[in-house]
Structure formats: C-alpha cells, structure tokens
C-alpha cells in the first residue's frame with residue numbers, strides 16, 4: 001500500500017460558496033456601473049434640453065423682433081423692438097437689420113435680415129454663435145525658459 005496514492009474528496013459546498021460570492025460581486029459591480037452611466041446620461045440630457053430650450057426661446061424672440069421690424073416705419077425705426085438692440089443700415093433703398101438674441105448661457109442667435117419699406121424681408125443669416133471670449137497665446141519662450149533654469 002505504500003505505492004498507492006490516497007485521493008482526498010473535497011466537499012462541493014466550499015466551491016459553491018466561492019462561486020456564489022464571485023457572482024454577487026460581479027452583479028454588484030455591474031449594478032454600480034449601470035447607475036453611474038444612468039446618472040451621467042441624465043446630466044447630459046438635462047444639459048441638452050436646456051440648450052434646445054434656449055435656442056427655441058431665442059428663435060421666438062428673434063422672430064418677434066423681425067415681425068415688429070416688418071410692421072415698423074423703417075425710416076424712423078423703433079429703438080429696441082422686443083427689447084433687442086438692432087443695428088439698421090440703409091443700402092440701395094433696402095434696410096439691413098442685424099441683431100442678436102441670447103440663446104442660453106454661452107450662445108446667441110445672430111440674425112441679418114434685408115427689409116424693404118413694404119414689409120417684405122429676406123433672411124440672410126440666422127445662426128447660433130458662441131458668446132465666449134478667449135484669447136490665444138501663441139508665444140513660446142523657448143530660450144528664456146532654458147536660461148532661467150541655469
């Protein structure tokens with residue numbers, strides 16, 4: 001019997017318990033990732049909804065300004081139709097109106113409209129523009145920085 005090996009039988013309960021713990025851990029991690037993803041999607045959706053709402057409010061305001069301009073006497077234009085400042089210039093018997101309406105936190109709806117005295121108009125530009133201001137620093141101090149380190 002010295003040459004025979006003895007086999008040891010393992011109980012299946014310990015293996016099943018380890019497998020169960022592994023599956024519970026995996027499900028917990030997947031649930032947490034799912035909740036984080038849903039929260040990020042909610043934030044993105046709210047931001048997008050606010051952006052769309054701001055655009056449509058600006059579009060409605062710009063349309064009201066345009067409606068007031070078509071009804072107004074352009075030789076004596078109103079100061080600020082709809083509370084919006086309008087730059088009005090006369091070119092070749094036609095009037096060019098330029099104005100901006102706020103469309104949220106960092107955007108504005110820019111409109112350029114060509115009008116005649118009969119109330120007809122043609123929209124030249126109607127687009128969203130960013131109102132953020134930034135300056136680009138194009139200077140690179142390569143030699144000054146190297147001499148400062150010595």
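The values are calculated or read from the model by the stated rules, or taken from the named source; none is laboratory data. Just so you know, these numbers come straight off a predicted model, no measurement behind them. Reconstructed Cβ throughout: ideal geometry from the backbone, glycine too, with neighbour counts over all protein chains shown.
What residue, of 25, 17, is at pLDDT 90 or above and part of a helix (DSSP H, G or I)?
The conditions single out 25.
For residue 112, all conditions in the list (1) surrounded by 12 or more Cβ atoms within 10 Å (Cβ to Cβ); (2) out of contact with any strand residue (DSSP E or B) (no Cβ under 7 Å at 6 or more places or on another chain) hold save one; what is the number of the exception?
(2)
Exactly one condition in (1) closer than 24 Å to residue 133 by Cβ; (2) touching a residue at least 12 places away in the same chain (Cβ under 8 Å); (3) part of a helix (DSSP H, G or I) is false for residue 68; which is it?
(1)
Output the residues belonging to the stretch 97-115 that are without any contact (Cβ under 8 Å) to a residue 24 or more places away in the chain and either more than 29 Å from the chain's Cα centre (by Cα) or on the phi > 0 side of the Ramachandran plot (or both).
Residue satisfying the conditions is 114 alone.
Looking at the stretch 77-85, is at least one residue more than 34 Å from the chain's Cα centre (by Cα) and not in a helix (DSSP H, G or I)?
yes
Among the residues in the stretch 123-135, are any in a loop (DSSP other than H, G, I, E, B) and surrounded by 12 or more Cβ atoms within 10 Å (Cβ to Cβ)?
Looking for residues that are in a loop (DSSP other than H, G, I, E, B) and surrounded by 12 or more Cβ atoms within 10 Å (Cβ to Cβ), one finds at least one in the stretch 123-135, hence yes.
Take residue 43 and decide whether it is surrounded by fewer than 16 Cβ atoms within 10 Å (Cβ to Cβ), modelled with pLDDT of 90 or more and touching a helix residue (DSSP H, G or I) at 6+ places or on another chain (Cβ under 7 Å).
Here the answer is no, as residue 43 does not meet what is asked.
In the stretch 136-150, what residues are farther than 30 Å from residue 102 by Cα and either at pLDDT 75 or above or not in a loop (DSSP other than H, G, I, E, B) (or both)?
Those that are farther than 30 Å from residue 102 by Cα and either at pLDDT 75 or above or not in a loop (DSSP other than H, G, I, E, B) (or both): 138, 139, 140, 141, 142, 143, 144, 145, 146, 147, 148.
Report yes if some residue within the stretch 57-79 is on the phi > 0 side of the Ramachandran plot, in contact with a strand residue (DSSP E or B) (Cβ under 9 Å, 6 or more places away or on another chain) and either surrounded by 10 or more Cβ atoms within 10 Å (Cβ to Cβ) or modelled with pLDDT of 90 or more (or both); otherwise report no.
no
For the stretch 88-104, how many residues meet the condition of being assigned to a loop (DSSP other than H, G, I, E, B) and crowded, with 16+ Cβ neighbours inside 10 Å?
2
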